[in-house]
Structures are given as structure tokens and as C-alpha cells.
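The structure appears below as C-alpha cells.
The values are calculated or read from the model by the stated rules, or taken from the named source; none is laboratory data. This is a predicted model, so every value here is computed, not measured. Backbone-built Cβ (ideal geometry, glycine too); neighbour counts: all protein chains shown.
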Protein chains: 2
Amino acid sequence: MPTSPSGPTIAEVGEHQVIREIMEAAPSRANGDDAAVLVSAQPNSRVVVSTDMLVQGRHFRFDWSTPREVGRKAIAQNFADIEAMGARPISALLALSAPVDTPVALIRQIAEGVEEQVEQFSAELVGGDLTAGENLVLAVTAVGSLGGNRRPLTIDAARPGQRLVAAGALGDSAAGLALLERYGRQVPPEFVAFRDAHTHPQIPPGRGMIARATGATAATDNSDGLIADLSTMARRSGVAIDLDPQAIAPSEQMVRLGEHLGIDPWHWVLSGGEDHTIVATTGGDVPSGFRSIGVVQRGSGVSVGGAIPTYQEGWLSF
Amino acid sequence: MPTSPSGPTIAEVGEHQVIREIMEAAPSRANGDDAAVLVSAQPNSRVVVSTDMLVQGRHFRFDWSTPREVGRKAIAQNFADIEAMGARPISALLALSAPVDTPVALIRQIAEGVEEQVEQFSAELVGGDLTAGENLVLAVTAVGSLGGNRRPLTIDAARPGQRLVAAGALGDSAAGLALLERYGRQVPPEFVAFRDAHTHPQIPPGRGMIARATGATAATDNSDGLIADLSTMARRSGVAIDLDPQAIAPSEQMVRLGEHLGIDPWHWVLSGGEDHTIVATTGGDVPSGFRSIGVVQRGSGVSVGGAIPTYQEGWLSF
């Protein structure tokens with residue numbers, strides 16, 4: 001069941017009308033000139049930027065996700081990269097190419113999803129670009145503000161003796177993807193939360209800032225897969241990371257879904273990405289909203305309870 | 001004659017190697033984490049951002065342009081938007097989708113072109129994203145720094161009594177496009193400069209900052225067509241703009257090319273975009289590197305020597 005609207009196409013209403021609809025859905029005083037001047041960056045703060053490209057059919061499908069969910073998730077995954085530096089997302093840019101027969105309502109709904117997510121972070125969509133193309137492609141750039149003198153949270157700054165902490169779900173998005181692959185959008189009601197974790201992951205604003213303020217030094221977000229992302233952190237930091245199997249064990253509901261689908265739920269926990277959960281290392285207390293999931297040690301590589309992880313692969317673009 | 005290389009494909013060498021090649025071609029200490037922390041923004045400066053998406057076959061063709069030229073131009077057109085705010089480009093982000101059979105050398109050459117152009121501005125490529133897709137699509141985001149307390153140069157700030165000034169060519173890119181449409185890349189030697197104006201327009205760094213520092217209030221770059229872009233400025237500013245026909249008249253060489261191709265060169269001057277020449281309005285002296293091309297008056301619309309322009313249309317995305 002496709003989730004996307006019909007109605008007049010972008011070719012029928014014309015470029016200017018499409019841009020008007022986007023700017024109505026996601027209004028900003030900074031938008032509408034050659035470039036946007038950001039006013040929300042604090043004096044003496046540093047600027048943090050990140051970009052992601054999403055291609056229809058590869059990163060999203062309209063039989064699985066609504067256009068609004070696609071817009072939300074495009075922002076969420078970029079803002080997670082800003083949060084993973086310990087910074088505050090303040091602005092987003094959206095460049096978009098679309099086939100000329102795309103309904104204008106679909107573009108508008110993507111913009112509405114973008115607005116929902118930027119608003120949740122008290123941020124703004126400040127600019128963009130719109131062009132015709134054979135495929136629907138979204139490119140989102142997120143801009144963040146890093147206040148104060150502390151170092152940003154970098155992927156190469158994990159230190160032996162620190163604890164590893166996480167704020168949010170691990171594997172829920174991958175579990176939802178497995179559901180969508182089996183059922184399409186109409187999944188059994190008891191498992192809807194996993195589907196939603198895939199189609200519009202919830203990223204609580206401010207976790208990265210809190211971690212940075214309370215002594216974390218390294219962070220990343222769970223985008224490509226827990227073991228894959230932590231392996232990068234371990235390699236870049238020159239450390240070993242040992243995960244606590246009890247702390248990351250699949251929830252009861254996830255175990256039930258695994259039985260239902262005949263899939264080992266540990267695969268979702270260890271190899272599943274796209275939760276965009278912030279994972280950080282800290283020598284201080286567990287920051288508010290986080291839980292302890294492991295330790296940083298001397299050595300190299302990532303283990304689970306001292307053993308080689310049963311699943312290690314992660315997402316690759318090709 | 002295609003200008004693009006062959007050799008191993010991005011699928012053959014794998015995502016990580018392609019990213020390594022891009023980062024070798026365009027090195028930056030800020031690159032390589034979830035997001036890039038910009039260090040070159042001055043304290044108390046404001047941040048200016050802009051984004052553009054370029055689709056193969058629509059915005060560039062490898063039988064007309066080399067991959068290096070495509071990379072250069074992608075940056076140039078974005079940096080022109082930053083310059084048109086009176087700001088200094090400091091960073092760029094490049095998100096890229098490419099078919100899996102794309103030669104890795106082609107991606108590398110695009111990155112080399114990006115580096116050539118960012119270097120000319122003392123800027124850096126600080127991050128990006130790479131994904132598979134059916135089409136080659138580039139999304140560039142430019143970040144600029146706006147120092148001091150003066151207002152940015154906005155498209156709605158032209159005032160009656162000001163003069164209109166321009167820094168660079170008007171119509172050369174459109175003349176080059178007409179040549180490419182006629183001959184492909186092998187154009188008559190006497191006209192090569194026009195082809196090059198289309199395939200890699202030269203944007204002298206700092207013009208926007210100079211205009212802002214010497215009293216300009218409004219600016220844009222000639223991207224969609226001179227009359228189209230100035231019509232936007234006139235409408236948004238609530239003024240009329242009258243162009244001096246002698247100041248914008250086609251050069252002798254452009255007149256010769258017009259005779260050669262059987263095209264009225266005024267079409268290129270008035271309707272041709274993509275020169276990315278900064279056009280500004282100022283109540284002060286003509287800024288260094290600019291020339292006077294018209295006046296701002298009470299009223300509405302754009303005229304040439306008091307008359308309705310013979311060509312008014314501009315570029316539309318669809």
C-alpha cells in the first residue's frame with residue numbers, strides 16, 4: 001500500500017509554486033536569499049556541519065514510509081551526527097531533485113516532516129535547492145553550534161578506563177526493517193513500534209550536549225551498525241571496547257519478534273544501524289538519559305563480554 | 001568525445017577506498033568524524049550557508065565538461081551565493097550519489113576539481129557523503145563567514161538612487177553553452193574562452209566582501225539570467241532597475257560568435273545565467289573590480305536604457 005499522495009505534479013504547478021509550498025510548510029526568516037545568514041549561533045561558538053544524501057528506493061520507499069516520515073528521518077539522521085559531536089543542531093538545508101511528474105503534495109509532505117523534526121530541536125530549515133531529476137534524491141545538511149571551550153566529542157577520543165554509554169534503542173530500527181521486508185507497512189499491531197523505529201526514529205534532543213557537559217570525550221551515533229560504528233571508534237582511538245551482553249541484550253518484545261520472524265535478534269542489536277542512538281565514552285558518571293553498556297580498555301577491537309561478536313557486519317553504501 | 005576516465009569502478013574498489021581517494025584529493029583536518037567542526041570562522045562572525053544540487057545530464061555532461069570542471073563549477077556556483085551575501089566562503093560539503101559502475105577515477109577527478117576551487121578561496125572541503133544511486137548527483141553545501149556588524153548584502157536591499165555594479169562577465173557562459181550545443185567540446189579555437197566560461201566559470205574571490213565593505217547594500221549573482229535575477233531583486237526591494245545598454249553590450253568577440261552561430265548575442269547577455277558574476281547596488285563609489293552597469297530608481301521592473309528588455313526569460317528547473 002503506497003503511502004504517497006497524488007494530485008497536481010510539480011511540473012504542472014511550476015518551480016516557484018513548489019518552493020512556496022516548501023517555505024509555507026517550513027517557514028524561516030533566514031530563507032529566500034542567495035544564502036541564509038544564521039542568527040542562532042551564539043557568540044564565540046564553533047560551527048559544526050554534516051551532510052547526508054538519501055536516494056529513493058535505496059534509503060527510503062513510499063510503500064514503507066510516508067513522505068512525512070521520510071522528511072523527519074532525513075533530518076533526524078543528520079541532527080544525530082551533530083549531537084554526536086556534543087553540539088546543538090540549529091539549522092538544516094534541504095536540496096532535492098525529483099521527477100517532474102512527482103505530486104507537489106508529496107514534496108510538501110516531505111517538507112512538513114522536515115519541519116516537525118527541526119522544530120523538535122528548536123532549529124530551522126533555512127534554505128535549499130530544487131531541481132528536476134530522474135530520481136527523488138534528498139540531500140540534507142545540518143548545521144550545529146558548539147558552545148564553550150570544551151573539545152567536541154570526537155570518534156578518536158575514547159580512552160581506556162572510560163565507560164561506554166548509550167541513549168536510546170539499539171537494534172529497533174533493524175528489527176523494524178525486517179518487519180517491513182516481511183509484511184510491508186501493514187505489520188502485526190504488537191510490533192508497530194519496531195516499524196516506527198525504522199520509519200521515523202526518535203532522537204531526543206540534547207543528549208550529545210549533556211554527555212559533553214558531564215565529561216564524555218568520544219561519541220558517535222549508531223548509524224551503520226553497533227559493532228561497525230564502535231569498531232571505527234576503537235580503531236581511531238587506539239583502544240579496545242568491551243560491550244556488556246546483559247546491558248545490550250534484546251528486549252522481551254524484540255525476542256518475541258525474532259521468534260515470530262525466525263531471525264536471531266542479536267543480529268539486529270549488533271549489526272543493525274539507523275537507530276541513530278548516541279553512544280559515548282565518559283570517565284564521569286553516566287549522563288542523564290544514558291545507560292552504561294560497556295567499558296573502554298587497552299587493546300584493539302570490539303568484544304561482547306570478552307568474546308568475538310557473533311555478528312559484525314554493518315551497512316555499506318555499495 | 002567523452003572527457004571522463006575509465007578504470008576500476010567504485011563497486012570494485014569499495015566505499016572506503018573511494019572515500020580515501022576523495023580525502024586524498026581534498027584533504028582537511030576537519031573531515032572524518034560524524035560532523036566537521038569549523039575552526040576558520042572568526043569570533044563573533046555570523047555563519048552563512050547555501051546548497052545546490054547538480055544532476056548529470058541536466059546540470060553537466062561529461063561529453064562537454066571534464067569531471068574536474070564539474071567539481072570546480074559545483075563549488076564556484078555555491079561560493080558565488082556566499083559572496084553575494086558579502087561573506088567569505090570558508091568550507092564546503094560534498095554529498096554524492098553515483099551508479100556503482102562509475103570509475104573511481106571519475107569521482108577522484110571531481111574531488112580534485114572541488115579542491116582546486118576551494119583552495120582558490122582558502123577554503124576547505126570539510127565533509128560529505130557517498131552513496132550508490134541510479135544517477136550521478138552532486139549536492140554541495142557552502143559555508144561562509146560574515147564578519148563585522150554591517151548587514152549582509154540581501155536581495156531586498158536595493159534603494160533608489162544607488163548605482164548597479166557588476167564584477168565579471170555577463171552572457172559568456174550562455175554563449176559557451178550555445179557553442180557546446182553546436183560543436184560539442186571541440187569548438188573553434190577562437191571561441192574557446194566562451195566554452196571555458198561555461199564549463200568552469202572564474203569567480204574572483206572577495207568581490208562580495210569588497211562590495212559590502214564599500215557601501216553596497218544589495219547583491220545577487222547572475223545565476224538564472226541577468227533580467228530574471230534583477231527582476232527578483234527589483235521586486236523584493238520594491239524598486240526599478242535600469243540597465244545601461246552600452247555598459248552591458250556584447251563584446252566584439254561575442255558579436256562575432258553571434259554572427260558565427262546565427263544567434264543574437266543580446267540573448268546571452270540578458271537571459272543567460274551561470275556566469276555567477278556578482279551584481280550589487282551601492283550608494284558609494286564603484287567598488288574595486290566592479291564596473292557600473294545601471295541605476296536603481298523608484299518604480300518597479302527592469303528596463304534597458306528605459307525600454308522593455310528584448311529578452312526576459314531565465315533558467316527554470318522545470
Looking only at region B:132-151, and only at residues there that are at pLDDT 95 or above and more than 14 Å from B:LEU38 (Cβ to Cβ), the one that is surrounded by the most Cβ atoms within 10 Å (Cβ to Cβ): B:ALA139
Condition broken by B:VAL49, with the remaining ones in (1) under 30 Å from B:PRO152 (Cα atoms); (2) assigned to a loop (DSSP other than H, G, I, E, B); (3) at the interface with chain A (Cβ under 7 Å from one of its Cβ atoms) satisfied: (2)
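Taking the options A:VAL269, A:VAL239, A:VAL296, A:VAL279, name whichever one is assigned by the TED database to the domain that holds A:ALA178 and under 23 Å from A:ASP52 (Cα atoms).
Working: A:VAL269 fails: under 23 Å from A:ASP52 (Cα atoms); A:VAL239 fails: under 23 Å from A:ASP52 (Cα atoms); A:VAL296 fails: under 23 Å from A:ASP52 (Cα atoms).
It is A:VAL279.
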B:PRO67 within 14 Å of another protein chain (Cβ to nearest Cβ), under 17 Å from the mean Cα position of the chain (by Cα) and in contact (Cβ under 8 Å) with a residue 60 or more places away in the chain: no
Residue pairs meeting the criteria (Cβ under 6 Å; at least 6 apart or on separate chains; first farther than 15 Å from A:ASP52 by Cβ and facing another protein chain (nearest Cβ under 7 Å), in region A:135-150; second aliphatic (A, V, I, L, M) and not in a loop (DSSP other than H, G, I, E, B)): A:LEU146/A:VAL48
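For residues in region B:52-64 being facing chain A (nearest Cβ under 7 Å) and among the aliphatic types (A, V, I, L, M), which is nearest to A:ALA95 (Cα to Cα)?
B:MET53
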Filter result for B:ARG29 (more than 11 Å from chain A (Cβ to nearest Cβ), without any contact (Cβ under 8 Å) to a residue 60 or more places away in the chain, surrounded by fewer than 22 Cβ atoms within 10 Å (Cβ to Cβ) and part of a helix (DSSP H, G or I)): no
Residue within region B:127-134 that is within 21 Å of the chain's Cα centre (by Cα), within 12 Å of chain A (Cβ to nearest Cβ) and within 29 Å of A:ARG61 (Cα to Cα) present: yes
Residue pairs meeting the criteria (Cβ under 6 Å; at least 6 apart or on separate chains; first closer than 13 Å to B:ALA240 by Cβ, in region B:302-318; second buried (at least 20 other Cβ atoms within 10 Å of the Cβ) and among the aliphatic types (A, V, I, L, M)): B:VAL302/B:ILE227; B:VAL302/B:LEU230; B:VAL302/B:ALA234; B:VAL302/B:ILE241; B:VAL304/B:LEU243; B:PRO309/B:ILE227; B:PRO309/B:LEU270
Filter result for A:ALA228 (aliphatic (A, V, I, L, M), buried (at least 24 other Cβ atoms within 10 Å of the Cβ) and either modelled with pLDDT of 95 or more or over 16 Å from A:GLU83 (Cα atoms) (or both)): no
Some residue of region B:208-216 being at pLDDT 95 or above, within 19 Å of the chain's Cα centre (by Cα) and closer than 30 Å to B:VAL55 by Cβ: yes
Selection from region B:76-123 of residues that are over 25 Å from B:SER6 (Cβ atoms) and of a type in the set (A, V, I, L, M): B:ALA76, B:ALA80, B:ILE82, B:ALA84, B:MET85, B:ALA87, B:ILE90, B:ALA92, B:LEU93, B:VAL118, B:ALA123
Output for region A:73-100, where each listed residue is more than 19 Å from A:ALA25 (Cα to Cα), facing another protein chain (nearest Cβ under 10 Å) and assigned to a strand (DSSP E or B): A:PRO89
